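Remarks on the structure that follows.
Values quoted throughout were computed directly from the atomic coordinates according to the rules given, and no laboratory measurement underlies them. A quick note: this is a predicted structure, and the numbers were derived from the prediction, not measured. Cβ placement follows ideal geometry from the backbone for every residue including glycine, while neighbour counts extend to all protein chains displayed.
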Amino acid sequence: MAVKRTMEISLSRSPISNTTKRRSFFLPRPQSHPEILSTFTTDSPMRVQEFKDLFSTLMVSLPLTPHRVRFSRIEHTFTTEEAITNLGSLKFSQSNRMPDPKDPTRIVTTTTTTTFSMAKEMARNVCTRYLEARFVESVDGKTDFRSRSSVWQLTPKGMHVLSLFCQRNGIHQRHVNEVLDSPRNSMQLVILEREADTDKLVDDAPTVHVVFRRFAGDAGPNSRVSGANADSDDTSEYATGLVGVKMQRSRRNDREAPYTFTGKAAFDWLLDCTTVVDKRETHELISLFMQHELIVAASDERGNTTGVRFAPSRHVLYGITQKGMRVAGWINSPAGSVNSDAPAPPRIPPGIVRDSNTNRMTVIISDPALRLLFREYLRETHCEENLSFYIEVKAFLSEYERAKRDSAQPRLDVIRETLASAYSLYNAFLAPGSPCELNIDHNLRNALAGRMTRAVGEDEQMLRSLNEVAVLFDQAESSVFKLMASDSVPKFSREPKYANVLRERNLDGMLANFAATSI
């Protein structure tokens, strides 16, 4: 499957200047690999973020009107026919208005038009993938998108994905806002870290432990009295994603695994409450829990176990191990730490400053587990956009350096695509009145506004424009880094909610190592 992107950029200054950037995604019907959208593989050119963006673009394009199912009127829903028709020729436009930095009385308006094109059968496969990822759910009990009149609605997870997209792209359409303002939009997803090159989930032990804390419930087990229906299909209590998987006391009073849950409950929780996008990733996470001895297959009344492979069944039980309970923070080790085998902080050589907020920020950003926790803290304090901007600009600058390194004279289409990324970042985080406007130096903001609203030009002028933009974005990245280091990092480090995990990760030791190796 090939994905082709093109974008035209031409910005000018006028009393009201309307310009257009067009991004086209052509997704031809796969021939030799019809399963390519049923699972993510290294051969697939569509990355997870693109998969989410395509979903959100579709939701924005749909009217999301009420539909009658049996004798009920269900708000904010859509039919199979609406979804497949829109995916066949998907298009939406959004505009960003900003004052001209050279003349505040004038307004520059940039209109972005996004279009997608795909065959009907591929559109049906894409919709099925959204169902599997738990972005949407059936209102009338259907399990696939074969019936044209089937009615669907967004899940809390799907609303979360859509909300981030709208915030990121400055979309404020009435029908979308009504969905996002509904009481069902309450999910706090576990944002899983991914490797930049492969798009695979980060699977090192510390990151797995952090995800497991949310899975198990760091406030204690989400327990049910014996005999309660702990494996029911009702996941409404997961609406916020802040409670762990449904559990019950072990029927055999197993001291090594006193709390058990079904394979189906574990499977549902991970799909509903994290950013996994398919069954394969869900199996991978649970297998990692087992490999790290956080959970174990529980024995039944006869003492039989289910083996080493995970089974997402309501008839198969798994238990939280003693190690799992320590990692989840339910119990402490004899040493008073959640992880008794955590290494002791190394001895600090004389003359080396062990700790500073800048060092802490550097260590946190470079460690996937700490970065995941830090993101959660920033979300709670309503400044997650700082970290999002920092990571996205870092990716943009890497893309920029790669474009310059690949050839002595980068192709114009590569330059246009890289510039397109810059304009997207600017309109989301830096333009006056942008949805995630950041607090940066006034002079730097003016310099960015002056560069981003000036005509781009063609050929050599376009490359020169890209070079100027990259320099300014590098300065903005440094500015946001310093802001997080001076303001958010000290508060995060003192937050009791994360104290146990920071001790488990031995943050002091990591800081000492970093300080010793950076001198």
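Can you give the local net charge around MET290? Use residues other than it whose beta-carbon is closer than 14 angstrom to its beta-carbon, Lys and Arg +1, Asp and Glu -1.
Details: positive: ARG309, LYS323; negative: ASP203, GLU284, GLU293.
Net charge around MET290: -1.
Placing pseudo-labels 7 Å out from each Cα toward the beta carbon at GLU380 and GLU50 gives an inter-label distance of 3.6 nm. Annotation for ARG255 and ARG280: the two label points, set 7 Å from Cα along the Cα-Cβ direction, are 4.4 nm apart. Cα to Cα, under 25 Å, and not fewer than 8 places away if on the same chain: which lysines meet these conditions relative to LYS157? Straight-distance partners of LYS157: LYS52, LYS91, LYS142, LYS200, LYS246, LYS264, LYS279, LYS497.
So which GluC sites (Glu not before Pro) in the range 364-452 pass both tests, a DSSP loop state and at most 16 other Cβ atoms within 10 Å of the Cβ?
Working: sites: GLU376, GLU380, GLU384, GLU385, GLU392, GLU399, GLU401, GLU417, GLU437; in loops: GLU437.
The qualifying sites are GLU437.
Kindly state, to the nearest 0.05, the FRET efficiency for LYS482 paired with GLU437, given R0 = 25 Å and r defined as their beta-carbon distance. Write down the numbers at each step before the final one.
On the way: r = 18 Å, r/R0 = 0.70.
Approximately 0.90, to the nearest 0.05.
Taking 7 Å steps out from each Cα toward its Cβ at ARG494 and GLU401 produces label points 3.5 nm apart. Judged by the mean number of other Cβ atoms found within 10 Å, the most tightly packed of the peptides 504-513, 190-199 leads the ranking 504-513, 190-199.
If Lys and Arg each add +1 and Asp and Glu each add -1, what is the summed charge of the other residues whose beta carbon sits under 12 Å from the beta carbon of PHE396? Value of the local net charge: -4.
Potential lengthening of the chain between LYS394 and ALA196 amounts to 70.2 nm, from the contour at 0.36 nm per residue minus the alpha-carbon distance.
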